[in-house]
Structures are given as C-alpha cells and as structure tokens.
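Asker: Mind having a look at this structure? Questions to follow.
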C-alpha cells in the first residue's frame with residue numbers, strides 16, 4: 001500500500017465535503033468549541049475517504065490486528081474502510097449499552113485473544129474509544145492500537161494503547177459550558193449531529 005493522503009489533501013477534502021465547520025458547537029463530550037469536525041460529511045464520499053482509510057491502515061498494519069472495531073455511529077464507516085485495506089481482518093462495531101458503556105450486539109463476537117484495532121472518526125477526550133476498548137476486553141479481545149482520522153485532543157487521552165491519527169489539530173479550543181467564551185458573548189450554540 002502506498003497512500004496518496006497527506007495533511008494538505010486531508011484539509012482540502014474536509015473543506016470540500018463540508019466536514020470542517022466554524023461557529024459555536026456542542027461536542028459529543030458535552031464541551032463547547034468554535035470548530036467542529038462533522039466527519040460524516042467526509043465518510044459519505046467514498047472517493048474522499050479512500051486515501052484517509054488507506055493511510056490509517058498503513059499506520060495500523062504493524063500492530064497486526066485481526067479485527068477492526070469502531071464505535072457506533074461515527075466509527076462504523078471509517079472502521080470498515082480501514083479494514084478493507086488490512087487483508088484478512090474483519091470489522092465489527094460496538095454500541096452504547098444501558099449502563100452508559102459500550103458493548104457488542106447483533107451477534108458480534110471476538111475470539112479469545114483476538115487482536116483488535118479500534119478506529120474512530122474524531123477523538124477529543126477519547127471517552128468513546130475507552131468504552132470500546134473496555135468492550136473489546138470484556139469480549140475477550142486484545143486491543144493492540146487505536147486509530148483516528150482526526151485527533152483534536154488537548155489533554156491526555158483516556159486509553160493507553162498506541163494511538164495513530166492522521167490529522168492532529170490540538171490547537172482547536174474546547175471549553176466546559178460554564179467557562180465557554182462564546183456562551184458569554186451570547187453566540188447561538190449549534191448541534192451539528194442533530
């Protein structure tokens with residue numbers, strides 16, 4: 001595999017697809033930000049997603065995963081696209097459970113000791129990925145790496161597995177709602193995933 005992805009092309013595809021937004025946004029974590037990555041807009045275009053998936057697969061290949069797992073909903077398409085470039089792997093997804101964690105449903109099973117790469121579209125705090133890692137362990141799998149299309153984290157992530165991200169954008173602020181300067185200015189809050 002030789003990926004054609006690079007940072008410049010990555011930003012270009014985010015803008016072209018409408019996946020990078022600017023304004024005042026509610027993040028999945030409950031925090032607020034002036035920028036939002038709505039990567040569903042990228043993943044709806046297979047031709048734009050393909051170089052991302054190939055590049056992330058190249059980075060995850062050394063960890064020799066047997067399965068790729070994504071969190072529902074945002075990680076499902078990227079996980080599938082990445083697994084396509086890792087011959088012999090299969091792809092599963094974990095869903096929210098009643099206790100607030102993640103678990104495998106729909107008959108998905110991991111074999112004891114199965115090596116798993118967890119793939120997410122965008123990571124801010126890593127809380128969704130950490131819940132998927134717990135689900136992988138609970139199902140008998142061994143998490144060997146985490147991959148993301150976009151890493152927008154600003155503080156240490158909530159998992160300890162090796163982390164591979166294609167686009168790191170740590171300079172994008174996010175705030176607790178009580179300390180959000182955009183709220184203080186009265187800027188309307190958007191919920192792009194609604």
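Asker: Report the full-extension gain for the segment residue 28 to residue 95: residue separation times 0.36 nm, less the Cα-Cα distance, to one decimal in nm. List each step's numbers first, then the result.
Answerer: Details: separation 67, 0.36 × 67 = 24.12 nm, distance 1.49 nm.
So the chain would gain 22.6 nm between residue 28 and residue 95.
Asker: Looking at region 14-70, what % of the alpha carbon pairs are farther apart than 20 Å?
Answerer: 43 percent
Asker: By how many degrees, between 0 and 90 and to the nearest 10, does the Cα long axis of helix 46-60 differ from the longest principal axis of the chain?
Answerer: 60 degrees
Asker: Using 0.36 nm per residue, how much length does the chain from residue 185 to residue 170 gain when fully extended, once their Cα-Cα distance is taken away?
Answerer: Extra length from residue 185 to residue 170 when fully extended: 3.0 nm.
Asker: First obtain the Kirkwood hydrodynamic radius of the chain from its Cα pairs, then insert it into the Stokes-Einstein equation at 37 °C and 0.692 mPa s, and state the resulting D in µm² per second as a whole number.
Answerer: 193 µm²/s
Asker: So in the chain, what percent of DSSP beta bridges are antiparallel if you round to the nearest 5?
Answerer: Counting only bridges with both partners in the chain, antiparallel ones make up about 30 percent.
Asker: Please compute the modelled spin-label separation between residue 16 and residue 160, points set 7 Å along Cα→Cβ, answer in nm with one decimal.
Answerer: Distance between the two pseudo-spin positions: 4.2 nm.
Asker: Calculate how steeply helix 7-17 sits against the longest principal axis of the alpha-carbon atoms of the chain, using the helix alpha-carbon long axis, and give the answer as 0 to 90 degrees to the nearest 10.
Answerer: Long axis of 7-17 versus the principal axis of the chain: about 70 degrees.
Asker: Calculate the length of the line joining the C-alpha centroid of region 45-79 to that of region 1-22, in whole Å.
Answerer: 15 Å
Only the coordinates and a few stated rules stand behind these numbers; no lab work does. What you see is a predicted model; the values in this text were computed from it and never measured. Reconstructed Cβ throughout: ideal geometry from the backbone, glycine too, with neighbour counts over all protein chains shown.
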